[in-house]
Amino acid sequence: MRNRAMTMVEVLSVTAILALLSALMYPIIRGQIGRAKVAQCVSKLRQVHTAIMLYRENQSETVPYGYSDEMGLPPQAMYTLVQGGYLTREDVTCSLGYYPGPGKPGVFHVFWSPRELGSAAQQWLRYVQSRKEKAVLVTDMNHDPASSIMSSYEEHLGIGVYLDGHVSVYRKTGLMYHPSWWDDLGGDE
């Protein structure tokens, strides 16, 4: 009986086939990981919305659309919700998204401002009175490590939760730090 070992050509052929298969599978796996990150952040934003609504219920005499304090929105947003026990620190960050610096998870962003900030509070008042239930409350802008939210020419991925509770995912160009970027034009949920 003759012992037959693999030749160098056979070893190289198997290696080439495995390399080709992994190269074909990488984009598919990478895409699934990206979608899983978005799904996790959508879930967290829904939790944040629920916490905000619970916080608003605990405030007395709130109005549906007005200054943030009149609406019963938390004055220091996420900090107030965590300190009040409505959420945990992990609930208010996109733990799988882009981190703006080492060890700094991307915190969700809010558009309302306390009344004492003057013009920013006036902008919120005009915005929420014009958009009503379609006003964006909290956004996640942490999914594009290669783009700047200050760039209006780059495509951005953003997730927003609205006053009525629905969550939309957008991929579009523009200034995502501006509330008009979040106008609900049929983003994916």
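Please enumerate the residues belonging to region 102-139 that are over 17 Å from residue 74 (Cα atoms), at pLDDT 75 or above and among the small types (Gly, Ala, Ser). Residues satisfying the conditions are 119, 130.
Listed here are the residues, each with its yes/no results for (1) more than 30 Å from residue 92 (Cβ to Cβ); (2) touching a residue at least 24 places away in the same chain (Cβ under 8 Å); (3) out of contact with any strand residue (DSSP E or B) (no Cβ under 9 Å at 6 or more places or on another chain).
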| residue | (1), (2), (3) |
| --- | --- |
| 5 | yes, no, yes |
| 33 | no, no, yes |
| 38 | no, yes, no |
| 45 | no, yes, no |
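Scan region 140-167 for residues that are more than 21 Å from residue 35 (Cβ to Cβ), at pLDDT 85 or above and within 15 Å of the chain's Cα centre (by Cα) and jot them down. Correct list: 162, 165.
When residue 54 is tested against the conditions (1) touching an Asp or Glu at 6+ places or on another chain (Cβ under 9 Å); (2) under 19 Å from residue 139 (Cα atoms); (3) in a helix (DSSP H, G or I), the lone failure is (1).
Screening the candidates 170, 99 for the property of being hydroxyl-bearing (Ser, Thr, Tyr) and either within 21 Å of residue 55 (Cβ to Cβ) or modelled with pLDDT under 85 (or both) yields one hit, 99. Residue under question is residue 91, and the condition is that it be among the acidic types (Asp, Glu) and either over 20 Å from residue 37 (Cα atoms) or modelled with pLDDT of 85 or more (or both); does it hold? When the stated conditions are applied, residue 91 does not pass them.
Of all residues in region 115-139, those that are within 13 Å of residue 183 (Cβ to Cβ) and touching a residue at least 40 places away in the same chain (Cβ under 8 Å) have Cβ atoms under 8 Å from Cβ atoms of residues that are buried (at least 23 other Cβ atoms within 10 Å of the Cβ) and β-branched (Val, Ile, Thr), 6 or more apart or on another chain, in 135/128; 136/161; 139/159; 139/161. If you go through region 41-63, how many residues are exposed (fewer than 13 other Cβ atoms within 10 Å of the Cβ) and modelled with pLDDT of 85 or more? Number satisfying all stated conditions: 3.
The values are calculated or read from the model by the stated rules, or taken from the named source; none is laboratory data. Nothing here was measured: the structure is a model prediction, and the numbers come from that model. Neighbour counts run over all protein chains shown; Cβ positions are idealised from the backbone, glycine included.
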